[in-house]
1. Out of the residues in region 413-424 meeting the condition of being touching a residue at least 60 places away in the same chain (Cβ under 8 Å) and buried (at least 17 other Cβ atoms within 10 Å of the Cβ), tell me which one is farthest from Asn475 (Cα to Cα).
2. Output the number of the condition that Val510 fails; it satisfies all remaining conditions of (1) closer than 20 Å to Tyr436 by Cα; (2) touching a strand residue (DSSP E or B) at 6+ places or on another chain (Cβ under 6 Å).
3. Test each condition in (1) at negative phi; (2) in a loop (DSSP other than H, G, I, E, B); (3) not aromatic (Phe, Trp, Tyr) for Val307 and report the one that comes out false.
4. Can you name the strands (runs of 3 or more DSSP E) wholly within region 190-262 that have at least 1 residues being of a type in the set (Val, Ile, Thr) and in contact (Cβ under 8 Å) with a residue 60 or more places away in the chain?
5. Search region 382-404 for residues that are on the phi < 0 side of the Ramachandran plot and pair each with any residue that is acidic (Asp, Glu) and outside any loop (DSSP other than H, G, I, E, B) when their beta-carbon atoms are under 7 Å apart and the residues are at least 6 apart or on different chains.
6. Of all residues in region 90-106, which are assigned to a strand (DSSP E or B) and either free of Cβ contacts under 8 Å to residues at least 24 places away in the same chain or exposed (fewer than 15 other Cβ atoms within 10 Å of the Cβ) (or both)?
7. Those residues that are small (Gly, Ala, Ser) and either under 18 Å from Leu339 (Cα atoms) or over 31 Å from the mean Cα position of the chain (by Cα) (or both), I need them from region 242-260; list them, please.
8. Give the residues of region 109-128 that are touching a residue at least 60 places away in the same chain (Cβ under 8 Å) and assigned to a loop (DSSP other than H, G, I, E, B), sorted by residue number.
Amino acid sequence: MILKVKLIALFACFVLANNQFISQQNFDQLETIEYRIQNSSRDETAYINASSFDEWAYFSFETNSEIDISNPESSLDWDLAFKRNHIKTNSGLSGSGLGGAYVDTLSTWLDNWATLNSLPSDAVWSNDTEWCCVYALGQGFVDDIICSEQLELWGAFGSTAGFNITNYVMFVKDAQGEVAKFWPYEYYSTGAGGGHIDIRYDLINSISTDCAGVVDGSAMIDDCGDCQQPYCYTHPGGVDFADALDGTCDAGTYIAPDSPSNPYWNENCGPDYTIYAGYHYYSPIPGGGDYGLDNVYTLNITTGESVYFYNEVGYHDVRFINPEHSYLDLPACYGPCDLGTITFEIPGTYEYDCSEYGHAAAGQVGVIIVSDSCSDSDNDGICDEEDTCVGMIDDCGDCQQPYCYTHPGGVDFADALDGLCDSGTYIAPDSSLNPYWNANCSTCIQGDINNDNVIDILDVVSIVNGIINITNYFNECADIDGNSSTDVLDVVAIVNVIIGGRASDATSAVMKSEGNTLSISGDGYIGAIQMTLTHDANFSLDLT
């Protein structure tokens, strides 16, 4: 509370002292900062006029207001829409966003609003669909509608035609996929009839979903780009995905998505290379080309890559000459047929031939050379072990890496190495949200946090946001007192700079002599002046 009062007083003094125009947006930013200082999160309320039977009222979390939308199916500017007691999310058939809804009918916000800030582990999101039937004016319940069927559970009409609100625990996602607690708690807000809705919502930044849409789930993207979920296996052949959602099995064996026992993992991946077998050849091209006894086909690959052998014609197999590699042998078949696919995990030289009918002596031999794969985390074409910067070089010459940010203040560089976050938000090295980018550059105007060459209220907003939201936040341009720490003392110093107009030392000055008065003015702060006066023996000097 002390910090809150100090900041409010500080900003008030700044505005009064400068008699300067501050936009409503600036005040909104300050109010947001003040609220987060006190409450650590946003908790918004809003009124929506959804009384029309024909038109949807579109609502934006960003503006906390109704907005005009001409293309709702493709626009990402809206998050929810309301028409009477019906609610849309920007998802599914309603819109192209990442919205959705989840409802817990066993709990209510009346008991849980202040304490419930996370989703249950088995929560599954639902998108908007077309369903039947809703009320049509003068016709009864006959109309199909496109909206969130889950959010219909926020209330229902009773026998007296009054709308009874359930207060069920509800979560929604906005158009960008951000999760919010959602509580529509009034249908007759203004006393002017139904469809005048009051809502309450609170954006939650720490909730993450896996590729299957399960909150804090364990589903993973395999090497083929497919989303694979864990499941519970019961013999013989029983597969239960729902039982595995909580990470354990009530019955059977838990199979992780990337387990060697999971036949679905990478099942849709095509081979990296194909080798064709035929009369006295193994070749990378159908028909064999000129490969054979005098031109043995040698394939160079890296660990983890796969080779598919296809028999075009005749009776052939694949036999590896080194006994240590015999576990890779592929049995013979009459072509055309599939001999099989081999994924090579161990570096080395693999010589192979066809063991049938003297084909090897006739030239049906081949070689596969397997090298260690190169890890290139930042996709710059340089292997990580040779890359001087696995990330991006900022304007200061420092190497910056991506990381995953979890509120409040959690930074995980390892989680971001694959370009995704198992939890939290992915922050690219050069993102405007990354405080480390250009953090060590020495050329900056002290107090100019947003680098627009002007020291004003926006810089105060930026530094306060950094102090509140980032653990051990430091910005060289904000470190006014030079103590290698960015804190509230620097905020006070920046405001003093703005009020006093002392953004930097003067680079030029003008000295004026009017009558018996000598004055000096400059384009910045003048700490002192040195003058040489030439005078006769009879003079007097008054300094003010």
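1. Among those residues, the one meeting the criterion is Cys421.
2. (1) is the only condition that Val510 fails.
3. If we test Val307 against (1) at negative phi; (2) in a loop (DSSP other than H, G, I, E, B); (3) not aromatic (Phe, Trp, Tyr), just (2) comes out false.
4. Correct list: 196-204.
5. Tyr403/Asp412; Cys404/Asp412; Cys404/Asp415
6. Of everything in region 90-106, those that are assigned to a strand (DSSP E or B) and either free of Cβ contacts under 8 Å to residues at least 24 places away in the same chain or exposed (fewer than 15 other Cβ atoms within 10 Å of the Cβ) (or both) turn out to be Thr105, Leu106.
7. Residues satisfying the conditions are Ala251, Gly252.
8. Hits for region 109-128 are Trp113, Leu116, Asn117, Ser118, Leu119, Pro120, Ser121, Asp122, Ala123, Trp125.
The values are calculated or read from the model by the stated rules, or taken from the named source; none is laboratory data. Just so we're clear, the structure is a prediction, and the values are computed from it rather than from any experiment. Here Cβ is always computed from backbone atoms with ideal geometry, including for glycine, and neighbour counts include all displayed protein chains.
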